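The values are calculated or read from the model by the stated rules, or taken from the named source; none is laboratory data. The structure displayed is predicted, hence computed values, not measured ones. Note: ideal-geometry Cβ built from the backbone for every residue, glycine included; neighbour counts use all protein chains shown. We work out accessible area using only protein heavy atoms, side chains counted, and drop any ligands, DNA or RNA first. Shrake-Rupley method; radii C 1.70, N 1.55, O 1.52, S 1.80 Å.
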There are 2 protein chains.
Amino acid sequence: MDAIRTPYLTETDRVDRLRLIRSDNVGPRTFYSLLNHFGNARAALERLPDLARRGGAARSGRICSEEEARTELAACRTIGVTLVAPGEAAYPPRLATLEDAPPLLGVRVRAAPDVLIRPMIAIVGSRNASGAGLKFAGQLARELGEAGFVVISGLARGIDQAAHRATVESGTVAVLAGGHDRIYPPEHEELLASIIESGAAISEMPLGHVPRARDFPRRNRLISGAALGVVVVEAALRSGSLITARIAAEQGREVFAVPGSPLDPRAAGTNDLIKQGATLTTEAADVINAVEPIMGRGIALREPDDDPLAPEPDAGDRTRIVDLLGPSPITLDDLIRMAGCSPAIVRTVLLELELAGRIERHGGGLVSLI
Amino acid sequence: MDAIRTPYLTETDRVDRLRLIRSDNVGPRTFYSLLNHFGNARAALERLPDLARRGGAARSGRICSEEEARTELAACRTIGVTLVAPGEAAYPPRLATLEDAPPLLGVRVRAAPDVLIRPMIAIVGSRNASGAGLKFAGQLARELGEAGFVVISGLARGIDQAAHRATVESGTVAVLAGGHDRIYPPEHEELLASIIESGAAISEMPLGHVPRARDFPRRNRLISGAALGVVVVEAALRSGSLITARIAAEQGREVFAVPGSPLDPRAAGTNDLIKQGATLTTEAADVINAVEPIMGRGIALREPDDDPLAPEPDAGDRTRIVDLLGPSPITLDDLIRMAGCSPAIVRTVLLELELAGRIERHGGGLVSLI
C-alpha cells in the first residue's frame, strides 16, 4: 500500500489525501483501497462521484474541496499540529501497521517528537476509579516510564489521567476523540498542555470536531494500535475499557489486566479479562517481561495489498451482490462464494456501495447494508 | 496395597495397625511399605526392632504396646471418635488415594457420616483476613454448599472459620492438627461442636496430642488431599496457605485463587498463584465448572505398589548407600543409579535407616540424612 511506503509526501499529495479522507463515506479502509487502485489521491478524488453514483447514491456525497483542505492545514499549523501519513517520521510505527490506520494523523508535539516512535504501553480504565486504582495506575505508569516506555492513554477522567500525570516527564501520549482544538473533558486542558511539553497529543479528527459518544470506540483503536500492549487497570463489566481490550486482542496487541476483589464491581471486568486469557498484572515487570520478546522482533510494515478492483461491474453482478447483503453482517469471503463473481468484482461493488453510503464495514472483514 | 483394599478391619488388625503407626519413626509411607512387605501389621511389628538395629539405631525406637493402642481406641470411643483405615466406609475416598494417606484416621461425626464421602472443596486463607475476604469466603462456601459440595478447611481463625460457619448446615469438615481432644484455637471449640452436627472433624494425631507449628503443614496435606480442589481466598506471600496450594498441586488437586488489588498485601499470594496457573476465582461457578469433569471420572484407588523389599542387604551395600546420603535431599532414582545396587536393596536400606530415625523423607521421592 503506497501510503505505508511513502517516506515523505509532497504538499500537493498531502492536500489531496486530506481531501480524500475528509470526503463523505471515505474511511481509512476505503481510502487505502482507492489509493491502491487509482495510484494516487488526486485520481481517486476524480472518480469518487462516478463510483458513488454506480453504488446507487441518491445524491452525490460531499467531496472536500481543495480550499477546505488548505484551510485545515493552515489552521493546524497555527496551533502546532502536523498532519502525517503512515511511514512518515513522526507517525507511530505500530499504528502504521493497522489496516485502518488514519491516513493522516494530527500530531501535536513540542520538544520531543521521538516520543511517538518509542515503544508504547497503553494504560486505560474506569473514569470512576477507586483511590487504589488511581494510585496503582500512577505507580505502574511511573515504573513503565522509568523503564523507557511511553505511556499512551485517552486523557479521560480516572485511570487515564492518573497514567498521564505520572508520566508527564518521562513522556506520554494522549489520543483525542475530537479535534485538537476540542479537548474533552475540558478540565484536562491544563494537563494536556503539560503532556505535550515532553509528550504528544494525536487525533485523526478534523479541527473543530466535537467528540460524540461513537467517536470514543473509534479513537480507542488508536490507543491500542499504537501500543505493544494495553493494561486495563479497573473496569466494570460492559465498560469502554473492555472494548479497548477486545480491539487490542483483534489487533494482535498484548492484553494485561489488574486483578481486584470479587466484591469490587470495578474489578469485575478486569478479573473477567484474566479469566479469558489476559496477563494478570501486579507490577511493571509483568508487562515488560511479556512485551520484551515482541520488541525484539521489530515492526513489519504492511505490504501493499494484492486485492485489485475490477473495471465497471455489470448490472447483474451488482444486483446479485446487493440482494445478498442485509442488516446482518456477512464476511467478504461468504459474499464472494455466494455471489459467484470474482473477488475483484465483489470488492468493487462494495466500494461503490460504501461511497454511496449504503453499507457499513465492521471488524473481521464483515459488511452489512445500512 | 492391602490397606487400601481392606473393606473392613478385624478388631485385632485395627489394634496392630494402630500400634504400628504410633511406633517411633513409622510414618504413613513406611507403614504401607512394611504392611506390603510383611503382609500384615502384626508381622511388621515383630520385625521393627531388628530392622531398626540393622539401620544403625543407637537404641531401639519405642514400639507402641497393645495396651496403649487399646487404651487409645477406648478413649476414642468415649468421645465419639472412630479410627478408620483407607477403604473403610467413612474414610474420605480421595484422601485414601494419597501415598501418605493416614493409615488410621480419627473421624468424629454425629448425624451425617456421608459428609466424609461426598465431593469436597477446600477453602483456606489468611488467619488475619480482611472484612472483604471473610465475606467472600462465606459467600463462596455457601454457594458451594448449596451446589452439593462439602467444604473442608482447617478450623483456623480468619478465612477457615468463615468457610466453616457458612456451611454448618450444608455440611463441612474440619481437619485438626492435634488430637480430637486438643482443639486449636481453643475459642473455636463451640464452632467445632456445631460443625459436627451435620459435618465432621478428622485428625490423624493421637488423642492428647497438642498441635505444634510443624504439625500444620503436615495436616494441610489432608485438607487438600481429601478435596477435589483448594480455593485460596487471601494469602500473603510466603504464607501457610501457599504451602497448602503447593501440596495440592503436587497431589494433582485443582488450585483456585481469589484475586485482589496489587496494593493489598493479603492478595499478593493469591495473585501470584494465578500467575503460576491457578484458576482465577470470583464465584462458585469457576470452581464447579473446573471440578465437574474430574468428578465424572470417579476415584481410582491406588494399586498395591510393586516395590518389593530385599532380604537382609549385605554390609557393603548398606555402607555404600549411607555414604551417598547427606543433608541435601537426593532422589531414590539417583541413589539407586549411584549405589549400583538393586532397587529392592536400596529401598530396604532406606527403610532400616528410617526406622532407626536416621533419614528424613521429603516429597517427590527425596531423602536426606538427619
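Please verify whether region B:159-180 includes one or more residues that are part of a loop (DSSP other than H, G, I, E, B) and more than 26 Å from B:GLU234 (Cβ to Cβ). Step through it out loud before you land on a result.
Initial filter on region B:159-180 (part of a loop (DSSP other than H, G, I, E, B)): B:166-171, B:176-180.
After this cut, where a residue has to be more than 26 Å from B:GLU234 (Cβ to Cβ) as well, the list is B:179-180.
Yes: region B:159-180 contains one or more residues that are part of a loop (DSSP other than H, G, I, E, B) and more than 26 Å from B:GLU234 (Cβ to Cβ).
Hey, B:ALA300 hits all of (1) away from chain A (no Cβ under 14 Å); (2) in contact with a Leu (Cβ under 6 Å, 6 or more places away or on another chain); (3) hydrophobic (A, V, I, L, M, F, W, C) but one; which does it fall short on?
(2)
Suppose we keep only residues that are within 14 Å of chain A (Cβ to nearest Cβ) and not β-branched (Val, Ile, Thr) within region B:241-260. Which one would you say is nearest to the chain's Cα centre (by Cα)? Explain how you work it out, then say what you get.
Within region B:241-260, the subset within 14 Å of chain A (Cβ to nearest Cβ) is B:256-260.
Restricting the remaining residues to those that are not β-branched (Val, Ile, Thr) gives B:256-257, B:259-260.
Numbers: B:PHE256: 19, B:ALA257: 21, B:PRO259: 27, B:GLY260: 29 Å.
That would be B:PHE256.
Considering only region B:116-144, state which residues are within 14 Å of another protein chain (Cβ to nearest Cβ), touching a Leu at 6+ places or on another chain (Cβ under 7 Å) and open to solvent by less than 40 Å² (accessible area, probe 1.4 Å).
Correct list: B:ILE123, B:PHE136.
Across region A:157-191, what is the total count of residues that are open to solvent by less than 20 Å² (accessible area, probe 1.4 Å) and either closer than 22 Å to A:PHE256 by Cα or not small (Gly, Ala, Ser) (or both)? Spell out how you get there, then give the answer.
Kept after step one, since they are open to solvent by less than 20 Å² (accessible area, probe 1.4 Å), are these residues of region A:157-191: A:158-160, A:162-164, A:167, A:171-180, A:185, A:188, A:191.
Among the residues that remain, those that are also either closer than 22 Å to A:PHE256 by Cα or not small (Gly, Ala, Ser) (or both) are: A:158-160, A:162-164, A:167, A:171-176, A:180, A:185, A:188, A:191.
Summing the residues that are open to solvent by less than 20 Å² (accessible area, probe 1.4 Å) and either closer than 22 Å to A:PHE256 by Cα or not small (Gly, Ala, Ser) (or both) in region A:157-191 gives 17.
Would you pick out the residues in region A:182-191 that are part of a loop (DSSP other than H, G, I, E, B) and more than 19 Å from the chain's Cα centre (by Cα)? Spell out the reasoning first.
Step one: of region A:182-191, the residues part of a loop (DSSP other than H, G, I, E, B) are A:182-185.
Answer for region A:182-191, where residues must be part of a loop (DSSP other than H, G, I, E, B) and more than 19 Å from the chain's Cα centre (by Cα): just A:PRO185.
Are any residues in region B:29-50 at negative phi, of a type outside the set (A, V, I, L, M) and free of Cβ contacts under 8 Å to residues at least 40 places away in the same chain, and if so, which ones? Walk me through how you get there before you give the answer.
First pass over region B:29-50, keeping only residues at negative phi: B:29-38, B:40-50.
Filter once more, keeping what is of a type outside the set (A, V, I, L, M): B:29-33, B:36-38, B:40, B:42, B:46-47, B:49-50.
Listed by number, the residues that qualify are B:PHE38, B:ASN40, B:ARG42, B:GLU46, B:ARG47, B:PRO49, B:ASP50.
Which residues, taken from region A:67-115, are among the polar types (S, T, N, Q) and free of Cβ contacts under 8 Å to residues at least 60 places away in the same chain? Explain how you work it out, then say what you get.
So the first thing to find is which residues in region A:67-115 are among the polar types (S, T, N, Q), and the list is A:71, A:78, A:82, A:97.
Result: A:THR71, A:THR78, A:THR82.
Those residues that are open to solvent by 10 Å² or more (accessible area, probe 1.4 Å) and either assigned to a helix (DSSP H, G or I) or of a type in the set (Asp, Glu) (or both), I need them from region A:242-257; list them, please.
Filtering region A:242-257 down to residues open to solvent by 10 Å² or more (accessible area, probe 1.4 Å) leaves A:242-243, A:246-247, A:249-255.
Scanning region A:242-257 gives A:LEU242, A:ILE243, A:ARG246, A:ILE247, A:ALA249, A:GLU250, A:GLU254.
May I ask you to say which residue of A:GLY340, A:GLY364 is at positive phi, free of Cβ contacts under 8 Å to residues at least 40 places away in the same chain and not acidic (Asp, Glu)? Even if it seems obvious, please write down each step before you answer.
Working: A:GLY364 fails: free of Cβ contacts under 8 Å to residues at least 40 places away in the same chain.
Just one listed residue meets the conditions, A:GLY340.
Can you tell me how many residues in region A:260-283 are touching a helix residue (DSSP H, G or I) at 6+ places or on another chain (Cβ under 8 Å), open to solvent by 50 Å² or more (accessible area, probe 1.4 Å) and free of Cβ contacts under 8 Å to residues at least 24 places away in the same chain?
Final tally of qualifying residues: 2.
Quick check: anything in region A:294-310 modelled with pLDDT of 85 or more and surrounded by 14 or more Cβ atoms within 10 Å (Cβ to Cβ)? First the steps, then the outcome.
Kept after step one, since they are modelled with pLDDT of 85 or more, are these residues of region A:294-310: A:294-295.
Adding the requirement that they be surrounded by 14 or more Cβ atoms within 10 Å (Cβ to Cβ) leaves A:294.
There is at least one residue in region A:294-310 that is modelled with pLDDT of 85 or more and surrounded by 14 or more Cβ atoms within 10 Å (Cβ to Cβ).
Out of region B:192-227, which residues are open to solvent by 10 Å² or more (accessible area, probe 1.4 Å) and part of a helix (DSSP H, G or I)? Before you say what the answer is, go through the steps one by one.
Just the residues of region B:192-227 that are open to solvent by 10 Å² or more (accessible area, probe 1.4 Å), to begin with: B:193-194, B:197-198, B:204-214, B:216-221.
Listed by number, the residues that qualify are B:ALA193, B:SER194, B:GLU197, B:SER198, B:PHE216, B:PRO217, B:ARG218, B:ARG219, B:ASN220, B:ARG221.
Here is a yes/no grid of residues against (1) among the hydroxyl-bearing types (Ser, Thr, Tyr); (2) exposed (fewer than 11 other Cβ atoms within 10 Å of the Cβ); (3) farther than 30 Å from A:GLY87 by Cβ:
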{"position": "A:GLU292", "(1), (2), (3)": "no, no, no"}
{"position": "A:THR319", "(1), (2), (3)": "yes, no, yes"}
{"position": "A:ASP334", "(1), (2), (3)": "no, no, yes"}
{"position": "A:ALA339", "(1), (2), (3)": "no, no, yes"}
{"position": "A:ARG361", "(1), (2), (3)": "no, no, no"}
{"position": "A:GLY364", "(1), (2), (3)": "no, yes, no"}
{"position": "A:LEU369", "(1), (2), (3)": "no, no, yes"}
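Sort out which residues of region A:343-359 are of a type outside the set (D, E, K, R), farther than 11 Å from A:ALA310 by Cα, in contact (Cβ under 8 Å) with a residue 40 or more places away in the chain and buried (at least 20 other Cβ atoms within 10 Å of the Cβ), and write them in order of number.
A:LEU353, A:LEU355, A:ALA356
Taking B:GLU88 as the residue in question, decide whether it is closer than 25 Å to B:TYR184 by Cβ and of a type in the set (Asp, Glu).
Details: closer than 25 Å to B:TYR184 by Cβ: no; of a type in the set (Asp, Glu): yes.
When the stated conditions are applied, B:GLU88 does not pass them.
State the number of residues belonging to region A:110-130 that are modelled with pLDDT of 95 or more and not in a loop (DSSP other than H, G, I, E, B).
Adding up the residues that qualify gives 7.
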